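J.: Pasting in a structure now, in structure tokens, and then I'll have a few things to ask.
The values are calculated or read from the model by the stated rules, or taken from the named source; none is laboratory data. Nothing here was measured: the structure is a model prediction, and the numbers come from that model. Because the Cβ atoms are built from the backbone with ideal geometry, glycine has one as well, and the counts that use them run over all protein chains shown. Accessible surface is based on the protein model in full, side chains and every heavy atom, while ligands, DNA and RNA are left aside. Shrake-Rupley method; radii C 1.70, N 1.55, O 1.52, S 1.80 Å.
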Amino acid sequence: MSLDVSPQLLAEAETGSVREEDFVETVRTSLPYAYDLIARLTTELRGGTAEFADNQTPPPSERERGQLLRALSSDAIRSSLERHFGVALAFQNCHRVAVFPSGARGGETHTRFTSARSQILNQSPEFRDC
């Protein structure tokens, strides 16, 4: 299971309304590695002059890698994190997450980062089973 959903949040979902703040808090506590990595990259992006901030360091264990993969493979989690942090996320291989300004999606740098060419160039044998 990817999220530790509280009984209160489950009750909210059963009645049809979930506050995004509650959902993001559940993501933060359930997937702390993924949440903290995106928060750190967002801080780097806002504090620098680069067009994006990215992580190229593998997670410390498979547990953290799993958190990252779950966060970025779920449309609901990923889009909530993008709205919460005000960024656009991009993802390559098992751990290379990039944070772009929200308005950069579809721009030259974002398009280059998310292209098939960049994906191919960012591969190596050690990523095959990650």
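J.: Find all pairs meeting these conditions: Cβ atoms under 9 angstrom apart; at least six residues apart or on different chains; first residue within the stretch 59-79 and of a type in the set (Asp, Glu); second residue surrounded by 18 or more Cβ atoms within 10 Å (Cβ to Cβ) and not in a helix (DSSP H, G or I).
T.: From the stretch 59-79, the pairs are Glu64/His95.
J.: Please specify each residue of the stretch 1-27 satisfying the condition of being among the polar types (S, T, N, Q) and at pLDDT 95 or above.
T.: If the condition is that a residue be among the polar types (S, T, N, Q) and at pLDDT 95 or above, then Thr26 is the only one that fits.
J.: Tally the residues that are touching a residue at least 24 places away in the same chain (Cβ under 8 Å) and touching an Asp or Glu at 6+ places or on another chain (Cβ under 7 Å), restricting the search to the stretch 1-40.
T.: Here the count works out to 3.
J.: Further question on the same structure: All but one of (1) farther than 20 Å from His110 by Cβ; (2) of a type in the set (A, V, I, L, M); (3) surrounded by 19 or more Cβ atoms within 10 Å (Cβ to Cβ) hold for Leu81; state the number of the condition that does not hold.
T.: Evaluating Leu81 over (1) farther than 20 Å from His110 by Cβ; (2) of a type in the set (A, V, I, L, M); (3) surrounded by 19 or more Cβ atoms within 10 Å (Cβ to Cβ) leaves (1) as the failure.
J.: So which residues in the stretch 24-45 are open to solvent by 40 Å² or more (accessible area, probe 1.4 Å) and of a type in the set (S, T, N, Q)?
T.: Within the stretch 24-45, Thr29, Thr43 qualify.
J.: Condition check: open to solvent by less than 50 Å² (accessible area, probe 1.4 Å) and either of a type in the set (S, T, N, Q) or on the phi > 0 side of the Ramachandran plot (or both). Does Ser73 satisfy that?
T.: no
J.: Any idea which of Ser30, Ser73, Ser79 is at pLDDT below 95 and under 30 Å from Ser6 (Cβ atoms)?
T.: Of Ser30, Ser73, Ser79, the one residue that is at pLDDT below 95 and under 30 Å from Ser6 (Cβ atoms) is Ser73.
J.: If you go through the stretch 46-57, how many residues are open to solvent by 90 Å² or more (accessible area, probe 1.4 Å) and either out of contact with any helix residue (DSSP H, G or I) (no Cβ under 8 Å at 6 or more places or on another chain) or within 15 Å of Gly86 (Cβ to Cβ) (or both)?
T.: 3
J.: Among the residues of the stretch 16-23, are any of a type in the set (Asp, Glu), out of contact with any Ser or Thr (no Cβ under 8 Å at 6 or more places or on another chain) and open to solvent by less than 50 Å² (accessible area, probe 1.4 Å)?
T.: Yes; the residues of the stretch 16-23 include at least one that is of a type in the set (Asp, Glu), out of contact with any Ser or Thr (no Cβ under 8 Å at 6 or more places or on another chain) and open to solvent by less than 50 Å² (accessible area, probe 1.4 Å).
J.: Report whether or not Gly66 is open to solvent by 30 Å² or more (accessible area, probe 1.4 Å) and modelled with pLDDT of 85 or more.
T.: In short, no.
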